[in-house]
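Only one structure is covered here, and it is reproduced in the block below.
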Amino acid sequence: MNMTIEGIGIAAPFGGKEELKATVLSKVSPSTPSLYKATTDDLSTFVPARKQRRIDHFTRMALLAAYRALDDANKVDDLPQNLGIIICTGYGPSQTTFDFLDSIIDDGPKLASPLAFSHSVHNIPAGVLSLLLGTPCPQTTICQLMNPVMTGIQTAALWLAEKRVDTILFGAVDETTPLLEENMDKLVLESGCEVSTPVSEGAVFFLLNNQERGYATIETSISLSELNNTPLFSHRELLKTLNLETLVGVIPVAGAFNLAAAALSIEGTDRSAGCNEGNTWLRVSGNAHA
């Protein structure tokens, strides 16, 4: 099943889509961010401030990247018909989950924070996004540490193949917290490894459909043997050359950033890029952008 990437939206510590594209096309290693924290101030461009009340940081990153993907495809004011929303994550809304657990410890189960509990539910970003867009639609949230992006891509391809939806707003999001950073430092210290890249956060969204024009085409039915016999450049080599791991940081949904970088690197060409997550590969084929 092939899917076309019509729009890309990013909310990350280093910026958005244009910053990632500039890094990829310049083939110059990016500078290390001073902080691996994403800012979401630009969300007010799409969502009035009064509607952002009580929305946590995890959801704000997802919303900003999703709206940027729609805006990139000129679909904010003309939403696609028969839309579906799929979000994948490694840890989910970590900070609100920890806040809820802290409220149980500090105040007891009977006085635990109901707001923290409601926003600790992993599918809250998809529900809030659907609500703000005014589009009741099929939606699901995938939470797993192993290959969350690949599972999300496979789910998107299945939905389109089944004609359950015509367009999918697919996103990947994770956030960092002081507790995650502290535990990562402890694990690194105990293992004796030297890891200089800290835990990071960010969100990447793609507008996917079966149209012929877009940034690139994701070919999901690709085996490793087929890739070995296909002219392409390895995106792993590109990542290593540009040191994009330093730019992106340690994040469970790093595969989504890899996919975005691969699509941007071959936009408007007839080349193909190999994009991997774990031991699973995708072929991303360039085509003309509408």
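Going by Cα centres, segment 92-142 and segment 147-190 are how many Å apart? Measuring centre to centre over Cα atoms gives 17 Å. Where both bridge residues fall in segment 82-223, DSSP classifies roughly 40% of the beta bridges as antiparallel.
Its Cα centre serving as origin, segment 74-115 has a Cβ charge dipole (Lys and Arg +1, Asp and Glu -1) of approximately 160 debye. Summing Cβ point charges (Lys, Arg +1; Asp, Glu -1) relative to the Cα centre of segment 2-212 gives a dipole of roughly 500 debye.
Dipole of segment 2-212 computed with +1 at Lys/Arg Cβ and -1 at Asp/Glu Cβ about the Cα centre; of MET146, GLY171, PRO48, farthest Cα towards the positive end is PRO48. Once you have a ≥ b ≥ c as the square roots of the Cα gyration tensor eigenvalues for segment 1-88, tell me rounded if a/c is under 1.5, and otherwise prolate or oblate according to whether a/b is larger than b/c. Oblate, since a/c reaches 1.5 and b/c is not below a/b. Gain on full extension, evaluated as 0.36 nm per residue between GLU212 and SER26 minus their Cα-Cα distance, stands at 64.2 nm. Give the shape of segment 2-212 as rounded, prolate or oblate, defined through the alpha-carbon gyration tensor: a ≥ b ≥ c are the square roots of its eigenvalues, a/c under 1.5 means rounded, and otherwise the shape is prolate if a/b is larger than b/c and oblate if not. Oblate, because a/c is 1.5 or more while a/b does not exceed b/c. Taking θ as phi - 60° and the Karplus parameters 6.51, -1.76 and 1.60, the scalar couplings of segment 201-209 work out to 8, x, 9, 10, 10, 10, 9, 10, 7 Hz in sequence order, x denoting glycine and proline.
What are the trypsin sites (Lys or Arg not before Pro) within segment 1-92 that DSSP puts in a loop, where the Cβ has at most 12 other Cβ atoms within 10 Å? Don't skip to the end; give the middle numbers.
Working: sites: LYS17, LYS21, LYS27, LYS37, ARG50, LYS51, ARG53, ARG54, ARG60, ARG68, LYS75; in loops: LYS27, LYS37, ARG53, ARG54, LYS75.
Sites meeting the loop and neighbour criteria: LYS27, ARG53, ARG54.
Footprinting exposure proxy ranking of MET3, MET184, fewest other C-beta atoms within 10 angstrom first, gives MET184, MET3.
Highest average first, the peptides 173-183, 127-137, 5-15 ordered by how many other beta carbon atoms sit within 10 Å of their residues are 5-15, 173-183, 127-137. For segment 14-142, the relative contact order is 24 percent, taking Cα pairs closer than 8 Å that sit 6 or more residues apart in sequence and dividing their mean separation by the residue count. Of the cross-linked pairs LYS37/LYS186; LYS75/LYS163; LYS21/LYS75; LYS21/LYS163, those separated by over 25 Å at the C-alpha level are LYS21/LYS163.
Every number in this text was worked out from the coordinates using simple rules, so none of it is lab data. Here the structure is a predicted model, which means the values were calculated and not measured. When we count neighbours, we look across all protein chains shown, and the Cβ atoms used for this are built from the backbone with ideal geometry, even at glycine.
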